[in-house]
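To keep things clear, I will list the structure first and then write my remarks on it.
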Amino acid sequence: MQPISRRRFLASAPAAAGALALSRSLHAAEPAQVQNAALKLWYRQPATQWVEALPIGNGRLGAMVFGGGAINPEPAKGTMADCADGAVEVDPAKETLALNEDTLWSGRPQDGNKRDAKNALPGIRKAVLEQQDYHLADKLCCDLQGLFGEAYQPAGLLHVDCVHADTVSNYHRELDLDAAMVRTSYSTGGVQFERTAFASAPDQAIVLRWTASSSGALNATLWMDGALMRKVTESAQGVTEGRLLLEGKAASHVPGAGHPDSEKGPVFSDAVGEGMYFAVAVHARSEGGRIHAEGARLRVEGATALILTLTAATGFRGFDRNPDLSLETVKQNAVQQLNAALKSSYDTQFERHQADYRRLFHRVALDLGSGTTAAALPTDERLKTFADTPDPSLLALYFQYGRYLLIASSRPGSQPANLQGIWNFKVEAPWSCNWTSNINIEMNYWPAESCNLSDCAEPLFDLVQGLSQTGHRAAEETYGLPGWVSHHNIDLWRTANPVGMGVGDPTWANWQMSGPWLCGHLYEHYLFTGSREFLRTRAYPLMKSSAEFCLTWLIEDGKGHLTTCPSFSTENSFLAPDGKSANASAGCTMDMALIRELFANCIAAAKELGVDAEFAAKLQAARARLLPYKVGRYGQLQEWSVDFEESEPGQRHMSHMYPLYPGAEITPDLNPEFAQAARVSLERRLAHGGAYTGWSRAWAIAFWARLKDGDKAWESLEMLMKHSTNPTLLDTHPAGKGKSIFQIDGNFGATAAMAEMLLQSHAGFVEFLPALPTAWPQGEVKGLRARGALEVDLQWQGGRAARANLRADSGGLFTLRPPKNQRIDHIMGEGNPPLERVNDRTARCRLLPRAVYRVSFA
């Protein structure tokens, strides 16, 4: 073979100047598409590290597409994924896909509860309520902690190394959100090369196509590796076909999992019952030329196009069953999936993929203006200039990117989106890449209902269903109580016990309120869809069982109220009377908010379904006795039942403001005193450096939206883009030593917060443009959802609502509120429903099912 002349890209090198608009390869098979620049992330250089790659996914299978490959990779690493600083030379003529399968986890089901934990509970309560010895309570809380959970694992890497004699130029890579496809193109030797990659949900496969504009110009080598790889086998099945099969085994346990700075390695075991097997199967087919096997690799010579189809399988058989211990069975499952996908042509696969994806993605459109000129710049350059030239159209792209990521990482039948969605390259990922349920998994699903992706919340509901089973055991074994409980860490095996092994910080390890929070998503799904069947068969039974735990978890505070003990304000600590930091107390504000909300939802559901009147009456009586919210010494909403000083005034968690968002108990209209106190709390947090993570900043944006301060929300959006967003628009989290890691919750949280700026429905009425910033003077959104199963389109000009379209799934009476200083003028549609004026601004009208109504504003 001739020596390769490469154009080399370094993480520290300036981006290549100029970009050539993508031209269609002579052999590209995709149908013509709308080239919508407003829905594309694009770059002039390949990724030099994992976090710069572009994500694709179908809920179960995921890949990060690099658009390049390492030159002379280190044998022990073999990929740019391991080079966190990006200091690696990259060849744009290569391609690298970092692969994931959502059930590939370490370990197996286990009872992680500490059996004698309940014996410590009386001492904890005595230390808090009688002795005010909070340090003793913290120490005793460690006696409640059981085993750590397990970790999400990477499936491996697929490499395609193309061979060229000349230098590569006109490089361009993009993620097209409208097509859910990554495209990469470049020129060399007078030939245009293009590669496309997508993850198909209908075919349960990842598909990569590589084409050349000149016949026979494509020569490449295909190979696979990975941190968990045991063996790769190859086979050539014909002149133009071949296969690769990677087999591996997950870690049996990851002892250091749970912290991003941990350097402890995995433990692998062949013992019966330990780490599950997995397999990745790849089929290669060329148009022209030939494919032959060569030492666990496939060689492609003289082709004009190359199509790779990839599937994967694991030994996972359910959260409550040991993994399949037969490697042969796992390999057969991967190959069967592959054979099923290969029954369709590439064109058919692509058409099915796009139709399936667009059925979800096209439900919502957002235009914030100012997009044409800005979209002509690469996305990383737009992000760099955002501080000097704020770009609302980049935020519209960010909003739709959040919806894309949810579709790609959470589909019916898959696992829910985890801390990194579905994308992870580390055996020991930050916080195990699990479901951290004291904010992260909940934030992942904030946009599901309001942004018209209810279908994508199904995996969350499945998780809650399974968690209620393990949580029932945790409630009985840890606390001796009925119902179900879960804490702050959840893994594939539905860990519900407090983790920590006696050394976990109680403020996260012992927090036992994730059950009520997760149940809030169940009831919100009912409110947004109006499905009584879902409420009756899925939501209410889980809510009721969680409420049974909470009802018995509550204790008398000695002053006429019911409280919780021990109680923690998630990951924040307070200064005890001796001036030292402490964690455990009684009746934290978030506990009260979550239990108050759960009880109210159960009461409403029981009434709607005509069941459990006696149980609902018990909940009503207990709810009336819960500790009330309080305003503290600074005018803030108190975080603890005692007005403690915070150990970390700038703590990223802001859980005591839950009743403002995502809860709905505190609103500026219904209880302005507490809304003002929540504002003071938010201002204090931010003044002390809070919201320094992307997800925390996203929460702040949602708070400002609920406080109806659009300009403050915009200010926090600017901060999010400047400090917590990487060049591929993925959310970042500081990890010390000047490093940051990817966490997906900030993407989802900010998408939901932007929807709240434009439409709210939590306070009993539908409010248009409640927090519109002056930076968005004109725009249009289509397809947002409101409670009551209502779909809304909305246009605004000059900072004022112009018109809205409403479509109610089931019809009903709706209360509408226009933006400040406007009023509802009239509504037109089927039956011409009369407007009933509630006050100068607000009006009510009855809408018929599935009819379209037009609202005018004055």
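Please enumerate the residues belonging to segment 603-617 that are surrounded by fewer than 17 Cβ atoms within 10 Å (Cβ to Cβ) and touching a Leu at 6+ places or on another chain (Cβ under 8 Å). Scanning segment 603-617 gives Glu608, Leu609. If you go through segment 349-373 and keep only what is hydroxyl-bearing (Ser, Thr, Tyr) and open to solvent by less than 50 Å² (accessible area, probe 1.4 Å), you end up with just Tyr357. Residue pairs whose Cβ atoms lie under 8 Å apart, separated by 6 or more positions or on different chains, with the first residue in segment 444-471 and touching a residue at least 60 places away in the same chain (Cβ under 8 Å) and under 17 Å from Tyr540 (Cβ atoms) and the second outside any loop (DSSP other than H, G, I, E, B) and acidic (Asp, Glu), are Ala457/Glu449. Mind checking which residues of segment 806-821 are buried (at least 16 other Cβ atoms within 10 Å of the Cβ) and either modelled with pLDDT under 95 or closer than 27 Å to Asp709 by Cβ (or both)? Answer for segment 806-821, where residues must be buried (at least 16 other Cβ atoms within 10 Å of the Cβ) and either modelled with pLDDT under 95 or closer than 27 Å to Asp709 by Cβ (or both): Leu806, Gly811, Phe814, Thr815, Leu816, Arg817, Pro818, Pro819. Tally time: how many residues in segment 525-569 are under 27 Å from the mean Cα position of the chain (by Cα), surrounded by fewer than 23 Cβ atoms within 10 Å (Cβ to Cβ) and not in a helix (DSSP H, G or I)? Qualifying residue count for the region: 2.
Let's see how each residue does on (1) in contact (Cβ under 8 Å) with a residue 40 or more places away in the chain; (2) open to solvent by 20 Å² or more (accessible area, probe 1.4 Å); (3) in contact with a helix residue (DSSP H, G or I) (Cβ under 6 Å, 6 or more places away or on another chain):
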site	(1), (2), (3)
Ala120	no, no, yes
Val128	yes, no, yes
Glu150	yes, no, no
Gln153	yes, no, no
Cys162	yes, no, no
Ala165	yes, yes, no
Tyr171	yes, no, no
Leu175	yes, no, no
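With touching a residue at least 40 places away in the same chain (Cβ under 8 Å), basic (Lys, Arg) and open to solvent by less than 10 Å² (accessible area, probe 1.4 Å) as the only criterion, which of Arg115, Arg195 stands out? The conditions single out Arg195.
Residues that are of a type in the set (Ser, Thr, Tyr), closer than 19 Å to Leu405 by Cα and within 23 Å of the chain's Cα centre (by Cα) do not occur anywhere in segment 735-750. One residue stands out in segment 433-468 among those that are open to solvent by 10 Å² or more (accessible area, probe 1.4 Å) and small (Gly, Ala, Ser): the one that is nearest to Arg359 (Cα to Cα), namely Ser454.
Among the criteria (1) in contact with a Leu (Cβ under 8 Å, 6 or more places away or on another chain); (2) modelled with pLDDT of 95 or more, the one Phe568 does not fulfil is (1). Looking at this structure, is Ala179 modelled with pLDDT of 95 or more and open to solvent by 10 Å² or more (accessible area, probe 1.4 Å)? Considered against the rule, which asks whether it is modelled with pLDDT of 95 or more and open to solvent by 10 Å² or more (accessible area, probe 1.4 Å), Ala179 comes out as no. If I ask for residues that are without any contact (Cβ under 8 Å) to a residue 12 or more places away in the chain and open to solvent by 70 Å² or more (accessible area, probe 1.4 Å), which ones from segment 822-856 would you list? If the condition is that a residue be without any contact (Cβ under 8 Å) to a residue 12 or more places away in the chain and open to solvent by 70 Å² or more (accessible area, probe 1.4 Å), then Asn832, Pro834, Glu836, Arg837, Asn839 are the ones that fit. The sole residue among Ala691, Ala755 that is assigned to a loop (DSSP other than H, G, I, E, B) and open to solvent by less than 10 Å² (accessible area, probe 1.4 Å) is Ala691. Within the option set Thr563, Thr495, Thr529, being hydroxyl-bearing (Ser, Thr, Tyr) and either modelled with pLDDT under 95 or under 29 Å from Asn322 (Cα atoms) (or both) holds for one residue only, Thr495. Here Glu791 meets each of (1) closer than 14 Å to Phe528 by Cα; (2) part of a loop (DSSP other than H, G, I, E, B) with one exception, condition (2).
Scanning segment 398-415 for residues that are over 19 Å from Asn58 (Cβ atoms) and either touching a Pro at 6+ places or on another chain (Cβ under 9 Å) or hydrophobic (A, V, I, L, M, F, W, C) (or both) turns up at least one hit. Of all the criteria given as (1) in contact with a strand residue (DSSP E or B) (Cβ under 8 Å, 6 or more places away or on another chain); (2) open to solvent by 10 Å² or more (accessible area, probe 1.4 Å); (3) in contact (Cβ under 8 Å) with a residue 60 or more places away in the chain, the one not satisfied by Gln795 is (3). What is the residue count in segment 482-518 for residues that are within 18 Å of the chain's Cα centre (by Cα) and open to solvent by less than 10 Å² (accessible area, probe 1.4 Å)? Residues that pass the stated criteria total 6.
Matching residues to (1) modelled with pLDDT of 95 or more; (2) of a type in the set (D, E, K, R); (3) part of a loop (DSSP other than H, G, I, E, B); (4) under 30 Å from Tyr526 (Cβ atoms):
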position: Thr728; (1), (2), (3), (4): yes, no, yes, no
position: Pro734; (1), (2), (3), (4): no, no, no, no
position: Asn747; (1), (2), (3), (4): yes, no, no, yes
position: His762; (1), (2), (3), (4): yes, no, yes, yes
position: Pro770; (1), (2), (3), (4): yes, no, yes, yes
position: Pro773; (1), (2), (3), (4): yes, no, yes, no
position: Trp776; (1), (2), (3), (4): yes, no, yes, no
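Only one of the listed residues (Leu660, Leu637, Leu627, Leu686) is among the aliphatic types (A, V, I, L, M), touching a helix residue (DSSP H, G or I) at 6+ places or on another chain (Cβ under 7 Å), more than 24 Å from His561 (Cα to Cα) and crowded, with 20+ Cβ neighbours inside 10 Å. That residue is Leu686.
Just one of the listed residues (Arg230, Arg243) is basic (Lys, Arg), open to solvent by 10 Å² or more (accessible area, probe 1.4 Å) and farther than 11 Å from Gly156 by Cα, and it is Arg243.
For Ala600, are the conditions met, namely being within 24 Å of Tyr523 (Cα to Cα), in contact with a Leu (Cβ under 9 Å, 6 or more places away or on another chain) and without any contact (Cβ under 8 Å) to a residue 40 or more places away in the chain? Yes: the conditions hold for Ala600.
On the basis of being of a type in the set (Asp, Glu), assigned to a helix (DSSP H, G or I), in contact (Cβ under 8 Å) with a residue 12 or more places away in the chain and open to solvent by 40 Å² or more (accessible area, probe 1.4 Å), does Glu328 make the cut? For Glu328, the condition - of a type in the set (Asp, Glu), assigned to a helix (DSSP H, G or I), in contact (Cβ under 8 Å) with a residue 12 or more places away in the chain and open to solvent by 40 Å² or more (accessible area, probe 1.4 Å) - is not met.
Of all the numbered requirements in (1) touching an Asp or Glu at 6+ places or on another chain (Cβ under 9 Å); (2) in contact (Cβ under 8 Å) with a residue 24 or more places away in the chain; (3) open to solvent by 50 Å² or more (accessible area, probe 1.4 Å), Ala376 misses one, and that requirement is (1).
When segment 644-657 is limited to residues that are among the polar types (S, T, N, Q) and surrounded by 18 or more Cβ atoms within 10 Å (Cβ to Cβ), the one that is farthest from the chain's Cα centre (by Cα) turns out to be Gln651. Taking segment 680-732 as the range and being free of Cβ contacts under 8 Å to residues at least 40 places away in the same chain, closer than 28 Å to Phe66 by Cβ and touching a Gly at 6+ places or on another chain (Cβ under 7 Å) as the test, the residues that pass are Leu720, Ser724, Asp731, Thr732.
The values are calculated or read from the model by the stated rules, or taken from the named source; none is laboratory data. Nothing here was measured: the structure is a model prediction, and the numbers come from that model. Virtual Cβ from ideal backbone geometry, glycine too; neighbours counted across all protein chains shown. What goes into the accessible areas is simple: the full protein's heavy atoms, side chains included, and nothing from ligands, DNA or RNA. Shrake-Rupley method; radii C 1.70, N 1.55, O 1.52, S 1.80 Å.
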